[in-house]
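Trainee: Right, I'll just put the structure down here and ask away after.
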Amino acid sequence: MTASKFVNPINTPQRRLKTICIGAGASGLYYAYKIQRHFDDFDLTVYEKNAGIAGTWWENRYPGCACDVPAHSYIYSFEPYAEWSSSYASSKEIYGYFKHFADKYDLNKYIKLQHQVSAATWDEESATWSVQIKDLVSGEIITDWCHILVNASGILNAWRYPPIPGLNSFKGKLLHTANWDESEDLTGKTVGLVGNGSSAIQVLPTILPIVSKLTTFIMEPTWVSPPVGMEYKVYSDEDKKRFREHPEELLEMRRETENYLNGQFETFFRDSEHQLRAREFMRAEMTRKLGDPALVEKLIPSWSVGCRRITPGRNYLESLSDPKVEVVFSMVSEVTEKGCKVLSGSEHEMDVLIMATGFDTSFKPRFPVIGRDGKSLAEVWEGNPQAYLGIAASGFPNYFVSLGPNCPIGNGPVLLSIEVEVNYMIDMISRYQKENIKAFDVCADAVKDFNEHKDEFMDTTIWVDECKSWYKAGSSQNKVTALWPGSTLHYREALAVPRYEDWKFTYYGNRFDYLGNGRSVAEAVVHDLNSHVGNEDTSKIDPALKRAEAKKESVQ
């Protein structure tokens with residue numbers, strides 16, 4: 001041992017933490033907030049490919065783009081927002097919320113915009129990640145490094161055109177909802193719309209008043225719900241003033257909304273009373289709004305409510321009966337210079353063709369991530385991505401992913417899931433920095449056991465019904481790779497304390513060097529030698545023990 005080992009008290013950080021986060025969306029911003037809040041000796045860089053923060057809410061600007069859950073639930077749990085214009089906020093407003101958050105907590109100093117990560121490689125000897133980044137303004141390739149790499153690039157932003165023959169031959173304007181050209185004026189145009197997922201359901205009723213004709217190509221039925229959580233409501237200036245001046249009233253409304261959203265989890269179990277009621281209610285509502293029996297027969301699914309993401313659709317169903325709308329229940333087999341051909345051979349001409357065809361939801365990273373022994377994460381996650389609790393992959397040390405495979409992306413409020421994940425990462429990184437850890441890597445058998453449990457659980461749910469869903473990577477038959485085997489609140493409890501036994505730790509030198517000079521932080525730093533003395537037990541009680549004790553008392 002050297003004398004330097006006995007200089008500092010226990011739990012003193014062993015090195016200056018250097019960490020890189022990929023993406024400045026909801027996950028990346030929260031990661032920056034937590035690193036800044038919990039660490040003193042650190043370097044953080046957040047590389048963001050876009051020209052602005054907020055991820056999907058910077059990118060998605062199509063007409064009608066909005067969140068499909070109540071705005072007062074689509075916030076960080078500790079950061080209320082009184083300025084929403086309505087109960088379902090537009091993408092621009094949600095961008096404004098995240099910009100407000102970044103400005104309030106001075107997070108922009110960590111963010112490099114228009115910098116796209118192009119590769120990340122683990123170096124075993126130095127136990128660091130080498131990261132290549134392209135400056136999208138200058139074209140320069142930059143090399144950076146870090147101890148801890150966090151991939152917060154998200155799941156619903158790798159947009160793509162579908163592989164339809166002739167797509168590039170179209171002479172009109174071709175648009176994708178995730179890459180919208182805001183300069184395009186649709187007034188008086190004939191428009192084709194391919195898809196009937198969340199984006200299409202928002203686009204159609206929004207552009208209908210200004211177009212001359214709209215042909216919508218629907219490939220399969222889908223459940224279209226009323227607003228999820230609360231009715232649509234425009235907030236007046238008086239409402240917003242009341243929210244600002246009476247935060248307890250806003251808090252109560254937020255909690256009521258959260259109660260409703262989290263209370264819907266029982267709907268996802270096969271033949272549950274909640275599922276049966278939801279099907280009966282939504283079938284009646286869709287039938288009423290569609291009106292036309294032919295539309296009812298073709299648009300209402302036979303599979304369960306929630307097999308695909310439940311999509312609220314204000315005025316969508318009613319719009320399908322509008323004289324300006326032609327509904328074509330068919331795949332587009334070919335795109336021509338003038339428009340779209342369908343399987344029957346008929347051709348539909350249009351000035352503008354809008355693809356609302358979604359994203360690549362395979363979870364494979366969009367750039368090479370190379371871990372131990374030269375393993376590529378894209379190859380490891382090919383076909384059936386298997387992660388650990390939605391946040392890690394075996395063989396990729398000191399690497400986390402936010403909203404990875406089998407996180408609760410569709411189980412409940414998604415920002416709560418992000419908070420849960422990042423809080424877990426902070427716990428792990430704190431231990432890494434204080435305990436002389438060189439690398440931590442999740443054990444392969446833990447990944448295997450978790451995924452076996454996940455697959456067994458999914459068989460009890462409606463998510464395995466035969467519907468094509470991005471929950472199953474766009475298939476009706478694949479394993480469920482995009483949902484957690486439980487509720488969002490279940491995820492919160494499951495990740496509350498890391499299962500360190502599921503990880504393999506390696507150290508610099510002796511694992512107990514972090515014990516330091518034999519002094520506590522209370523002695524050496526705080527100079528508090530008696531705060532542990534009191535008149536009552538202030539230790540935290542495990543909620544599971546409290547439940548067990550309550551059950552024992554009820555039996556007695």
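Trainee: Which value, in debye to the nearest 20, describes the size of the charge dipole of region 312-454 about its Cα centre when Lys and Arg Cβ atoms bear +1, Asp and Glu Cβ atoms bear -1, and nothing else is charged?
Mentor: Charge dipole of region 312-454: 520 debye, to the nearest 20.
Trainee: Using a probe of 1.4 angstrom, how much of the accessible area of the chain is carbon and sulfur, in percent?
Mentor: Values: 12920 of 26080 Å².
After summing per-atom areas, the C and S share lands at 50 percent.
Trainee: Full extension from VAL497 to GLU382: what is 0.36 nm times the residue separation minus their Cα-Cα distance, to one decimal in nm? Intermediate results must be reported in sequence, preceding the final value.
Mentor: Values: separation 115, 0.36 × 115 = 41.40 nm, distance 2.98 nm.
Full extension of this stretch gives 38.4 nm more.
Trainee: Provide the net charge surrounding ALA446, with neighbours chosen by a C-beta distance below 9 Å and charges set as Lys +1, Arg +1, Asp -1, Glu -1.
Mentor: -2
Trainee: Mean residue ellipticity at 222 nm from the helices of the chain, using -39,500 (n - 2.57) per DSSP H segment of n ≥ 4 over the full residue count, to the nearest 500 deg cm²/dmol?
Mentor: Value at 222 nm, helices only: -8500 deg cm²/dmol.
Trainee: Tally Lys/Arg at +1 and Asp/Glu at -1 over every other residue whose Cβ is under 9 Å from the Cβ of THR45; what's the total?
Mentor: Values: positive: LYS18, LYS112; negative: ASP43, ASP144.
So the environment of THR45 carries a net charge of 0.
Trainee: What full-extension length gain, to one decimal in nm, is calculated for ILE141 and SER236 as 0.36 nm per residue of separation minus the Cα-Cα distance?
Mentor: Working: separation 95, 0.36 × 95 = 34.20 nm, distance 4.89 nm.
29.3 nm is the gain from fully extending ILE141 to SER236.
Trainee: What are the aspartates and glutamates whose alpha-carbon lies under 17 Å from the alpha-carbon of LYS104, with same-chain residues fewer than 8 places away excluded?
Mentor: Leaving aside aspartates and glutamates fewer than 8 places away in the same chain, those within reach of LYS104 are GLU79, GLU83, GLU93.
Trainee: Now, a different point. With just the Cα atoms defining each centre, how far is region 70-111 from region 389-415? Give it in Å.
Mentor: If you average the Cα positions of each part, the centres end up 22 Å apart.
Trainee: Another question, then. Place +1 on the Cβ of every Lys and Arg and -1 on the Cβ of every Asp and Glu in region 109-167, take the dipole about the Cα centre, and give the residue among ALA127, ILE142, LEU156 whose Cα lies farthest towards its positive end.
Mentor: Going by the Cα projections, it comes out as LEU156.
Trainee: Sequence-distant or interchain residues sharing an amide H contact under 5 Å with ALA66, placed H: which?
Mentor: SER91
Trainee: Extension gain ARG16-HIS38, at 0.36 nm per residue separation less the Cα-Cα distance, in nm?
Mentor: That pair, ARG16 and HIS38, stretches by 6.6 nm at full extension.
Trainee: Looking at region 130-280 only, what percent of DSSP beta bridges run antiparallel? Nearest 5 please.
Mentor: Among the beta bridges of region 130-280, antiparallel pairing accounts for roughly 50 percent.
Trainee: Next up: Please flag any cysteine in the chain that has no other cysteine's Cβ under 4.7 angstrom from its own Cβ.
Mentor: CYS21, CYS65, CYS67, CYS146, CYS340, CYS407, CYS443
Trainee: Could you order the peptides 422-432, 116-126, 236-246 from most to least packed, using the average number of other C-beta atoms within 10 Å per residue? Display every interim value, and only then the final one.
Mentor: Values: 422-432: 19.6, 116-126: 16.2, 236-246: 12.6.
So the peptides 422-432, 116-126, 236-246, ranked by packing, come out 422-432, 116-126, 236-246.
Trainee: With a 1.4 Å probe and all protein chains left in place, how much accessible area per residue does region 439-496 have, in Å²?
Mentor: Solvent-accessible surface per residue comes out at 43 Å².
Trainee: Remind me, relative contact order of region 357-407 in percent, using alpha carbon pairs under 8 angstrom and six or more residues apart?
Mentor: 30 percent
Trainee: Rounded to the nearest 20 debye, what is the charge dipole size of region 39-112 about its Cα centre when +1 sits on each Lys and Arg Cβ and -1 on each Asp and Glu Cβ?
Mentor: For this selection, approximately 340 debye.
Trainee: Using unit Cβ charges (K, R positive; D, E negative) and no other charged atoms, how large, in debye to the nearest 20, is the dipole of the chain about its Cα centre?
Mentor: Working: 61 positive and 75 negative charges, 91 e Å.
That gives the chain a dipole magnitude of about 440 debye.
Trainee: If I take every Cα pair under 8 Å that is 6 or more residues apart in the chain, average their sequence separation and divide by the length, what percent do I get for the relative contact order? Kindly include the intermediate steps, with their values, before the conclusion.
Mentor: Details: 1054 pairs, mean separation 107.5, N = 556.
The normalised contact order for the chain reaches 19 percent.
Trainee: Note down the nm distance, to one decimal, between modelled labels 7 Å out along Cα→Cβ at LYS434 and at SER169.
Mentor: Reported label-point gap for LYS434 and SER169 is 6.6 nm.
Trainee: For the charge dipole of the chain, defined by +1 on Lys and Arg C-beta atoms and -1 on Asp and Glu C-beta atoms about the Cα centroid, which residue among LEU353, TYR500, THR460 has the Cα displaced farthest towards the positive pole?
Mentor: LEU353
Trainee: Summing Lys, Arg as +1 and Asp, Glu as -1, what charge do residues with Cβ under 11 Å from the Cβ of SER153 carry, SER153 excluded?
Mentor: +1
Trainee: Please report Rg (one decimal) and Dmax (integer) in Å for the Cα set of region 221-375.
Mentor: 21.6, 62
Trainee: Using 7 Å Cα-to-Cβ label points, what is the TYR508/SER85 separation (nm, one decimal)?
Mentor: About 5.2 nm separates the two model spin labels.
Trainee: Which pairs, out of LYS49/LYS479; LYS112/LYS375; LYS213/LYS289; LYS5/LYS438; LYS448/LYS468, put more than 19 Å between their alpha-carbon atoms?
Mentor: Numbers: LYS49/LYS479 31 Å; LYS112/LYS375 28 Å; LYS213/LYS289 21 Å; LYS5/LYS438 17 Å; LYS448/LYS468 26 Å.
In this structure, LYS49/LYS479; LYS112/LYS375; LYS213/LYS289; LYS448/LYS468 lie more than 19 Å apart at Cα.
Trainee: Rounded to the nearest 5, what is the percent of antiparallel bridges among the DSSP beta bridges in the chain? Intermediate results must be reported in sequence, preceding the final value.
Mentor: On the way: 32 of 69 bridges.
The antiparallel proportion sits near 45 percent.
Trainee: Taking the Cα-to-Cβ direction at ASP106 and at HIS527 and moving 7 Å from each Cα, how far apart do the two end points lie in nm?
Mentor: Going by the 7 Å Cα→Cβ label model, 2.7 nm.
The values are calculated or read from the model by the stated rules, or taken from the named source; none is laboratory data. The shown structure was predicted, so the numbers you read here are calculated from the model rather than taken from an experiment. Positions of Cβ are generated from backbone atoms using ideal geometry, with glycine treated the same way; all protein chains shown enter the neighbour counts. Side chains are part of the model used for accessible areas, which takes the heavy atoms of the whole protein and leaves out ligands, DNA and RNA. Shrake-Rupley method; radii C 1.70, N 1.55, O 1.52, S 1.80 Å.
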